[in-house]
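As structure tokens, the structure follows; a few thoughts come after it.
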Amino acid sequence: MTSKILVVDSDEATVNDIKALLNGAGFFCVGCHSGEECLRRVAGVPFDIIVTEIELPDMSGTELCRVLMYDESTAHIPLVFLSRLSSEVDRVVGLSLGATDYVVKPFSGREFVLRMKAILRRTKNAAPKPLLTNGVIRLDTRSHRAWVDSVPLRLTKLEFKLLAVLVGAGGHVLKREQIIETVWGTDAVVLDRTVDAHIRTLRKKMGEAKVELETVQGVGYRICQHTKPTRKASHTHTQEQGYTNVNDLF
């Protein structure tokens, strides 16, 4: 089945160029020019990737990213930022919001096609995702929902995947390189500080459970392992307790 990619950019020439590039590479590419038009299109078509310019006329690409990430019907779609902003800070911010990749204009057409193929390969080769529980932290990776005790967490797709990888490690310390490889993939260019930024954001959203996410100085991160859930968590969740190899999660 042909993979469908939606390109969002205010510049019509850019949209047409990317459509010609991707259609020529065997994809089915559709273009639009605003955030609102993007949201209308994804409501009716199951796209495999969304590529969006950061500077859109009606909303920022980062705002569009948040809307897509918090909607269950679109949270699973990989999102790629397209921008002329090339500084390290810009890249870190973009990836911290949950984007799968960040492409700087102007870009190599061949490299862009390879990036799209790499994203699709990681998505389609994903293994079945188990339910995960560790103490008060619970994740249903099939519906991309997470809770601390009975309180739902509002996480982006990438934050959810990061938490799932850490919980699934069963208390073992994960090096930053391991986290990058599992969460972003071996083809992504991600800095250590990008991981650190995601960890800080994740801790803020975890409330009192943030103490469970430990920093192991000079090594990486881990979620403290608990063999039994707390009483409050056990009232709302009855699945079998278990831990999963980090490489089998996604």
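The values are calculated or read from the model by the stated rules, or taken from the named source; none is laboratory data. Because the structure is a prediction, the values reported are computed rather than measured. Cβ coordinates were reconstructed from backbone atoms using ideal geometry, including for glycine residues, and neighbour counts include every protein chain displayed.
Of the strands (runs of 3 or more DSSP E) lying entirely inside the range 76-137, not one contains at least 2 residues that are over 13 Å from the mean Cα position of the chain (by Cα) and exposed (fewer than 15 other Cβ atoms within 10 Å of the Cβ).
Residue by residue through the range 45-75, note down the ones that are part of a strand (DSSP E or B) and more than 24 Å from Leu21 (Cα to Cα).
Ser60
Taking Ser10 as the residue in question, decide whether it is more than 21 Å from Arg154 (Cα to Cα), polar (S, T, N, Q) and crowded, with 17+ Cβ neighbours inside 10 Å. So Ser10 fails the test.
Please verify whether Ser143 is out of contact with any helix residue (DSSP H, G or I) (no Cβ under 6 Å at 6 or more places or on another chain), part of a loop (DSSP other than H, G, I, E, B) and touching a residue at least 40 places away in the same chain (Cβ under 8 Å), treating the condition exactly as stated.
yes
Helices (runs of 4 or more DSSP H) fully within the range 149-242 that include at least 3 residues being closer than 16 Å to Leu139 by Cβ and modelled with pLDDT under 80: 231-236. Among the residues examined, Val190 qualifies as touching a residue at least 12 places away in the same chain (Cβ under 8 Å) and either closer than 21 Å to Ile223 by Cβ or surrounded by fewer than 17 Cβ atoms within 10 Å (Cβ to Cβ) (or both). Taking first residues from the range 60-79 that are over 15 Å from Leu95 (Cα atoms) and partners that are hydrophobic (A, V, I, L, M, F, W, C) and at pLDDT 85 or above, the Cβ contacts under 6 Å between residues at least 6 apart in sequence or on separate chains come to Thr74/Val42; Thr74/Leu68. Among residues of the range 13-45 being in contact with a strand residue (DSSP E or B) (Cβ under 7 Å, 6 or more places away or on another chain) and touching a residue at least 40 places away in the same chain (Cβ under 8 Å), the one that is surrounded by the most Cβ atoms within 10 Å (Cβ to Cβ) is Leu22.
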